[in-house]
Amino acid sequence: MQAVVLAAGKGTRLRPLTEDKPKALVEVDGKPLLEDVFDNLLEIGVTELIVVVGYLKEKIIERYGDAYEGVPITYTHQRKQLGLAHAILQAEPHVEDDFVLMLGDNVFRANLGDVINRQNEERADAAFLVEQVPYEEASRYGVLDTNEYGEIVEVVEKPDEPPSNLVMTGFYTFTPAIFHACHLVQPSDRGEYELPDAIDLLIQSGRTIDAIRMDGWRIDVGYPEDRERAESLLADESSVAAEQ
């Protein structure tokens, strides 16, 4: 399976860590975020990486070249950061079939393989790894509503009043139908082409999107304190592993 990795961001909220590097190369526990993403994807069987780059893209390309641990990398350039739906469209010419989408600024230690398995069942048109968070934090994310079967029926991007505390985590599988939906998306009030708007178009067209509850943890590294929290969790895991 191919994986599209979004790594075009500047990471302005992580300054000064991002003054001389793209957000995806900020290190957590001595490893760049992007490399941690690559390792997770290779572990679940991804056979090709398509990396959407933008800000200081040459630093990513110089570091990883045309392959990572023997898995080929194709780079595609998002010239302006106009939202996740816009970023996904930069990968469209390189995607052949169902694919994984993963944000390049998240640290995961979770059941990513369960999402792949659900996609491979061919019952769903997409599957998302989802997480329950405190209600006061939900407005930072894309918030989901699901039906009795665990299917996603609505997605709202960063709402002021979240309809639930179930949120997207930055790990998805899609069929190529997502590209058609992204082409139809109109700019939001923020002037960006939002992924939740594309997902809602899929839902309205009758596509089935399954929510897979996260078993484990993930940190969206948006602020320096998120990086510190991820390093603390990784250190705890290392200590437990050393004791076993």
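Odds and ends about this structure:
- Judged by the gyration tensor of its Cα atoms, with axes a ≥ b ≥ c, the chain is rounded; a/c sits under the 1.5 cut.
- Most fluctuating residue given options Gly191, Gly170, Gly65, as computed from a GNM of the chain linking Cα atoms under 10 Å: Gly191
- Total charge dipole magnitude, the range 115-244, about the Cα centre, Cβ charges on Lys, Arg, Asp, Glu only, Debye to nearest 20: 380
- Set of lysines with alpha-carbon distance to Lys59 below 21 Å, sequence-local pairs under 8 removed: Lys10, Lys21, Lys23, Lys31, Lys80
- The range 19-77 shape via C-alpha gyration tensor axes, a/c threshold 1.5: oblate
- Volume per residue that the Cα convex hull of the range 92-200 spans, once the total is divided by residue count, Å³: 122
- Under the Karplus curve 6.51 cos²θ - 1.76 cosθ + 1.60, θ = phi - 60°, whole-Hz ³J(HN,Hα) for the range 143-148, x wherever Gly or Pro sits: 9, 10, 10, 10, 9, 5
- In the chain, a dipole from Cβ-located charges (positive for Lys and Arg, negative for Asp and Glu) runs towards its positive end, and of Val52, Ile219, Phe174 it is Val52 whose Cα lies farthest in that direction.
- For the range 85-126, accessible area per residue (1.4 Å probe, heavy atoms of protein chains only), Å²: 40
- Multiplying the residue separation of Thr12 and Arg79 by 0.36 nm and removing their Cα-Cα distance gives an extension gain of 22.4 nm.
- Distance between the range 7-30 and the range 62-120 - C-alpha centres, whole angstrom: 18
- For the chain, DSSP calls about 55 percent of its internal beta bridges antiparallel.
- With all protein chains modelled, accessible area of Asp145 [1.4 Å, Å²]: 60
- Magnitude of the charge dipole, the range 112-162, Cβ model with Lys/Arg +1 and Asp/Glu -1, debye to 20: 200
- Computed from point charges on the beta carbon alone (+1 for Lys and Arg, -1 for Asp and Glu), the dipole magnitude for the chain about its Cα centre is near 800 Debye.
- Loop sites in the range 38-119: GluC sites (Glu not before Pro), DSSP, at most 15 other Cβ within 10 Å: Glu69, Glu96
- Within the accessible area of the range 148-244 (1.4 Å probe), percent carbon and sulfur: 44
- Once the Cα-Cα distance is subtracted from the 0.36 nm per residue extended length, the Glu27 to Ser188 segment shows a gain of 54.8 nm.
- Carbon and sulfur %, accessible surface of the range 35-126 computed with the full protein complex present, 1.4 Å: 42
- Where the range 150-244 is the region considered: accessible area per residue in Å², 1.4 Å probe: 50
- Entry note, the chain: the mean residue ellipticity at 222 nm calculated from DSSP H runs of n ≥ 4, each adding -39500 (n - 2.57), is -9000 deg cm²/dmol after division by the residues and rounding to the nearest 500.
- Trypsin sites (Lys or Arg not before Pro) lying in DSSP loop within the range 1-110, provided at most 16 other Cβ fall within 10 Å: Lys10, Arg79, Lys80
- Considering only the Cα atoms of the range 1-119, their convex hull presents on average a projected area of 7.3 nm².
The values are calculated or read from the model by the stated rules, or taken from the named source; none is laboratory data. Being a predicted model, the structure only gives us computed values, none of them experimental. Here Cβ is always computed from backbone atoms with ideal geometry, including for glycine, and neighbour counts include all displayed protein chains. Calculation scope for accessible area: heavy atoms of the full protein, side chains included, ligands and nucleic acids excluded. Shrake-Rupley method; radii C 1.70, N 1.55, O 1.52, S 1.80 Å.
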